[in-house]
């Protein structure tokens with residue numbers, strides 16, 4: 001994979017120019033893209049700033065994020081020729097930092113569950129996950145050092161885990177979702193894919209203009225709570241093995257680790273996620289549904305059909321449930337004296353076949369809670385497929401989630 | 001003015017067809033638009049549904065709200081030829097209710113403070129206010145029975161008060177801002193303009209799919225707290241007189257009325273509004289600023305210039321201040337046993353001249369608090385200009401704010 005920090009260091013020291021760094025990326029794309037199919041389009045002649053903390057860093061932009069200089073197709077023929085007027089703020093921010101939004105990356109249609117044609121770089125017979133399929137796969141294939149995705153259920157953490165890269169879903173609204181095609185305004189969260197925890201932390205700190213995110217340093221005697229999310233079906237053995245292995249690595253690095261059971265209200269909040277997501281999607285995609293229902297792919301069409309029946313009172317009740325659980329999660333951290341939660345990133349390795357994107361059940365509660373989540377690769381299956389774990393911190397404590405993930409990453413190597 | 005409920009009743013009873021109702025609106029536009037200048041464009045051949053609870057109701061859509069069938073110009077030459085792909089969800093919802101989004105209404109550029117050319121229907125030498133200038137003026141001039149606007153500071157309540165119509169800024173996110181050009185994602189709120197409180201309540205209940213909003217009925221022994229917002233400069237005498245007159249009318253109608261002083265934290269929150277608004281606008285309009293700064297109008301350009309210097313830590317601090325004030329406002333309502341707050345809608349009547357849009361200082365705190373606000377006309381100055389008051393309820397208690405405003409409206413007539 002292409003390390004963002006390594007590229008930055010080479011550019012800073014004059015061993016590589018920003019144009020040269022973009023050239024490396026173009027060569028990697030030429031080599032890997034035909035097999036992986038992670039990209040919707042590549043800018044043939046982008047502006048490459050000579051300066052800036054991310055000068056020369058080519059970035060993949062999930063194709064539901066507005067770009068003024070490239071089409072934005074939402075994974076749907078309905079937007080086949082669509083070109084937004086303006087860059088989304090997160091894209092404008094990347095440019096202001098010197099980065100080059102070089103390519104649009106594949107997304108499932110409107111970031112829902114209908115699959116893309118993108119292949120898992122570790123094994124082309126397996127899905128890369130979704131909905132941010134192209135962003136995860138492009139970083140995993142070594143085509144890009146950084147890519148943007150979004151998560152409404154598990155669309156950053158799941159594909160990152162399936163592809164064996166680091167994925168970060170920051171605190172809700174740490175990065176603005178303005179100019180990002182909406183599915184659920186209470187849930188949609190911008191996130192990042194990178195080759196390492198340090199790469200992701202560096203990029204997030206710059207994008208969010210909060211240097212402390214990348215400066216937490218060694219978290220020292222970290223207090224980790226293992227959460228197994230018993231409110232949903234148990235994972236595959238490889239996910240459990242990865243969790244145990246990551247916990248053991250953290251303990252070797254000096255962390256205290258213990259099991260934590262979440263109160264019942266979190267199971268209720270987990271169940272509320274779908275009501276909130278679907279009720280809002282019915283509104284967010286009302287124009288598409290009213291005018292082009294038959295052009296929508298089958299899973300999305302079925303979900304929107306079903307969503308027409310959700311009562312507004314059920315939505316309001318789901319929001320109250322979520323609100324109480326968010327408060328309750330603060331008590332879990334402070335009452336139990338936890339710095340971070342360690343849990344599954346996905347039910348297992350990427351499923352075989354390209355007809356599905358996998359299951360987001362271990363991600364949905366945390367998206368609803370708005371808390372920062374980081375996944376990092378821990379293991380590989382016999383079929384060569386990566387398996388990750390997920391580190392979760394309090395709302396606004398993105399730096400701590402990344403520092404803890406970094407500690408585990410280092411401990412796993414050692 | 002055109003009453004929405006009156007039109008609905010005539011259509012329901014068969015005395016008027018939906019097409020006929022739209023024809024009435026077209027005739028009113030032909031008569032009044034040349035003087036007022038409230039409209040950006042009118043759909044020459046819109047779909048007019050034969051059925052639906054708002055069938056035949058022509059609606060004005062502020063020109064920062066996406067419409068698939070009409071241009072969306074944001075009040076700026078940068079978007080002169082812009083046509084969004086999809087309707088904003090609120091526009092799609094209007095259509096699904098049978099309403100006809102007939103016209104786009106003028107907006108200050110990007111809904112900031114640079115004025116439009118729209119005139120106050122009560123006196124063409126005076127501003128209609130902003131930023132939702134055209135929506136307020138079109139309803140006031142009797143051209144439309146309903147119009148949509150947005151408020152980030154005071155852009156619904158202020159123009160409604162200046163033009164002498166009822167304006168509603170609902171609870172934050174009661175109506176989705178998806179497909180609405182963003183200025184500040186923490187503040188932007190969709191609102192309505194109508195000829196009466198009952199008209200506005202009927203429309204809001206339908207748009208939000210919460211019938212209870214229009215069914216509060218007689219609020220009975222309403223407990224009203226008069227708040228004078230001492231953290232900012234005192235209003236003109238006519239605004240004070242309108243407040244006193246509205247309070248006296250409420251007392252006659254059986255309400256208990258008393259003065260309430262807000263704790264100091266609300267002055268701090270008032271001051272935090274600008275930091276949050278401007279920091280987010282810098283991001284929301286980053287593409288426009290980076291690529292077309294010189295094409296931006298002077299007030300917006302100056303605001304964005306200044307916003308470049310806001311530290312992220314100051315923004316985070318302002319958000320914490322707002323969060324604490326929101327909690328504190330619950331205590332004000334419950335601790336003081338209040339149903340609603342009654343306060344100024346604006347510092348006075350619409351200022352003379354079209355070179356400014358007036359002052360939002362009596363609106364900004366409440367936008368930041370996310371609470372429902374309703375303005376209704378109370379008085380007219382010697383120059384024939386309307387003066388309103390503002391009724392405010394707890395977050396989510398939109399129906400009570402409207403019921404209290406309705407009680408005052410009836411009491412003022414009696």
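Looking only at residues in the range A:59-84 that are within 20 Å of residue A:37 (Cα to Cα) and not in a loop (DSSP other than H, G, I, E, B), the one that is nearest to the other protein chains (Cβ to nearest Cβ) is A:79. Each residue in the range B:231-259 was checked for being within 29 Å of residue B:322 (Cβ to Cβ) and out of contact with any helix residue (DSSP H, G or I) (no Cβ under 7 Å at 6 or more places or on another chain), and 11 pass. Taken over the range B:4-22, residues that are over 13 Å from residue B:145 (Cβ atoms) and in a helix (DSSP H, G or I) amount to 3. Here residue B:56 meets the list (1) within 12 Å of another protein chain (Cβ to nearest Cβ); (2) buried (at least 22 other Cβ atoms within 10 Å of the Cβ); (3) assigned to a loop (DSSP other than H, G, I, E, B) almost entirely, failing just condition (1). Taken as a whole, the range A:111-129 holds at least one residue that is part of a helix (DSSP H, G or I) and surrounded by 24 or more Cβ atoms within 10 Å (Cβ to Cβ). Scanning the range B:85-99 for residues that are more than 8 Å from chain A (Cβ to nearest Cβ) and either without any contact (Cβ under 8 Å) to a residue 24 or more places away in the chain or more than 14 Å from residue B:61 (Cα to Cα) (or both) yields B:97, B:98. Only one of the numbered conditions (1) in a helix (DSSP H, G or I); (2) modelled with pLDDT under 95 is violated by residue B:198, and that is (2). Between B:333, B:362, the distinction of being assigned by TED's automatic domain parsing to the domain that holds residue B:257 and under 30 Å from residue B:124 (Cβ atoms) belongs to B:362 only. Considering only the range A:252-269, I want to know if a residue exists there that is within 14 Å of another protein chain (Cβ to nearest Cβ) and assigned to a helix (DSSP H, G or I). No, there is no match, as no residue in the range A:252-269 is within 14 Å of another protein chain (Cβ to nearest Cβ) and assigned to a helix (DSSP H, G or I). Those helices (runs of 4 or more DSSP H) of the range B:277-353 in which 1 or more residues are at pLDDT below 95 occupy B:312-335.
The values are calculated or read from the model by the stated rules, or taken from the named source; none is laboratory data. The structure displayed is predicted, hence computed values, not measured ones. Methodologically, a virtual Cβ is constructed for each residue, glycine included, from the backbone with ideal geometry; neighbour enumeration extends over all protein chains shown.
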